[in-house]
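Student: Structure below; questions to follow.
The values are calculated or read from the model by the stated rules, or taken from the named source; none is laboratory data. Note that the coordinates shown come from a computational prediction; the quantities given were computed from them, not determined experimentally. Cβ: placed from backbone, ideal geometry, glycine included. Neighbour counts: every protein chain shown.
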Amino acid sequence: MNTQNILISIIVILLGYTGYIAYSSMVKNEAKVEDINTATLVVEHKKEEANKKLVLENYQALFGDHDLSVLEKHWTPTYIQHNPLAADGPDALKGFVQTMINAGAPKSKLDYKRVVAEGDMVWVHLRMNMFGKDYSVIDIFRIEDGKIAEHWDVLQEVPAQSANNNTMF
């Protein structure tokens, strides 16, 4: 083997080794990025689970158990209500629940069907009896600093008969 071939062989080996080091470094960095993304996802998932728990426990406490004290503890003072028939603020919500209690609404275990959380938003689908009628309800809550800050809802009375065999739940 002549000197030129030996030098070419050494250069190829060095380039291959350098490429391996660069590749190895990239793989290590990608793993770190994945670890960060996984860690972020775990933290986000825990936050979403905490948000779901906050909503479900306090929705039950307020509407099922008639515990008005949860409004001060778990709703923001600037609570925003998107239902056009309801005013903003926890006092307005307190008045609505008090009206239900005064009308004889019994304490009950709420019948949750689905709950989904994404970021600071929580969606709840449930069957609820209000004023003697069953409703399919979808509530959407926005959580801010561990408290319920905003609310949207859609209610539909459950009919005695349906045009199809599908349930509303």
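Student: Only one of (1) modelled with pLDDT under 85; (2) within 29 Å of residue 168 (Cα to Cα); (3) acidic (Asp, Glu) fails for residue 30. Which number is that?
Tutor: It fails just one condition, (2).
Student: Oh, and also: Given the criteria at pLDDT below 95, within 24 Å of the chain's Cα centre (by Cα) and within 24 Å of residue 51 (Cβ to Cβ), does residue 149 qualify?
Tutor: no
Student: When you look at residue 166, is it at pLDDT below 95 and in a strand (DSSP E or B), yes or no? Please lay out each step first, then the result.
Tutor: Working: at pLDDT below 95: yes; in a strand (DSSP E or B): no.
Spelling it out, it is not the case that residue 166 is at pLDDT below 95 and in a strand (DSSP E or B).
Student: Take the residues in region 78-129 that are touching a residue at least 24 places away in the same chain (Cβ under 8 Å), touching a His at 6+ places or on another chain (Cβ under 6 Å) and within 30 Å of residue 44 (Cβ to Cβ), then tell me which one is surrounded by the fewest Cβ atoms within 10 Å (Cβ to Cβ).
Tutor: 113
Student: What are the residues in region 130-145 that are outside any strand (DSSP E or B) and free of Cβ contacts under 8 Å to residues at least 24 places away in the same chain, if any?
Tutor: Of everything in region 130-145, just one residue is outside any strand (DSSP E or B) and free of Cβ contacts under 8 Å to residues at least 24 places away in the same chain, namely 132.
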